Amino acid sequence: QVQLVESGGGLVQTGGSLKLSCVASGRTSSSPVMGWFRQAPGKDREFVAGIKWSGSGTRYSGSVKGRFTIAREIGENTVYLQMNTLKPDDTAVYYCAARAGVVVSNDQREYDYWGPGTQVTVSS
């Protein structure tokens, strides 16, 4: 089992920045891939970014590439999502997820563990 807890969400103006954190505990070694997803009101949950704990691979959705950066701190079992140049369309609940596979997948069905989410609201 892996437990995930997100933090860092909040309200920010268009063009602003936020940094989300996800602390993992439990059998983290069994889940080498971490991902961030988001779900806006009335929309499906979508992939944002993913990374391997080894740091050897990252992946971003087209809508955030160049604005968001995913990183991990192994010693703290923490994955970060630095979000810059935020837009109102980035407003959503952001979820951290972990998967047992070795590929940084953008398919939420392939993730095994999920955090409760943190709200990000970008005002125009």
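Just a few scattered comments:
- Any hit, region 78-97, residues being basic (Lys, Arg), in contact with a Phe, Trp or Tyr (Cβ under 9 Å, 6 or more places away or on another chain) and at negative phi: no
- Residue tally, condition buried (at least 17 other Cβ atoms within 10 Å of the Cβ) and either of a type in the set (Asp, Glu) or assigned to a strand (DSSP E or B) (or both), over region 79-102: 13
- Looking only at region 17-41, and only at residues there that are open to solvent by 90 Å² or more (accessible area, probe 1.4 Å) and over 12 Å from the mean Cα position of the chain (by Cα), the one that is modelled with the highest pLDDT: 41
- Residue within region 65-80 that is in contact (Cβ under 8 Å) with a residue 60 or more places away in the chain and under 26 Å from residue 15 (Cα atoms) present: yes
- Tallying residues that are out of contact with any Lys or Arg (no Cβ under 9 Å at 6 or more places or on another chain) and within 14 Å of residue 38 (Cα to Cα) within region 65-86 yields 1.
- From 58, 14, residue being open to solvent by 60 Å² or more (accessible area, probe 1.4 Å) and in contact with a Leu (Cβ under 8 Å, 6 or more places away or on another chain): 14
- Matching residues in region 100-121 - criterion: being more than 26 Å from residue 12 (Cβ to Cβ) and of a type in the set (Gly, Ala, Ser): 100, 101, 105
- Every residue from region 1-26 that is touching a Pro at 6+ places or on another chain (Cβ under 9 Å) and either farther than 18 Å from residue 99 by Cβ or free of Cβ contacts under 8 Å to residues at least 24 places away in the same chain (or both): 14
- For region 103-124, the set of residues classified as outside any strand (DSSP E or B), within 14 Å of the chain's Cα centre (by Cα) and of a type in the set (A, V, I, L, M) consists of 104 only.
- Test: residue 105 is surrounded by fewer than 20 Cβ atoms within 10 Å (Cβ to Cβ), in contact with a Lys or Arg (Cβ under 7 Å, 6 or more places away or on another chain) and in contact (Cβ under 8 Å) with a residue 60 or more places away in the chain: yes
The values are calculated or read from the model by the stated rules, or taken from the named source; none is laboratory data. Keep in mind the model is a prediction, meaning the values are calculated, not measured. Ideal geometry is used to build each Cβ from the backbone, glycine not excepted, and the neighbour counts take in all protein chains shown. Keep in mind that these areas ignore ligands, DNA and RNA; they rest on the heavy atoms of the full protein, side chains included. Shrake-Rupley method; radii C 1.70, N 1.55, O 1.52, S 1.80 Å.
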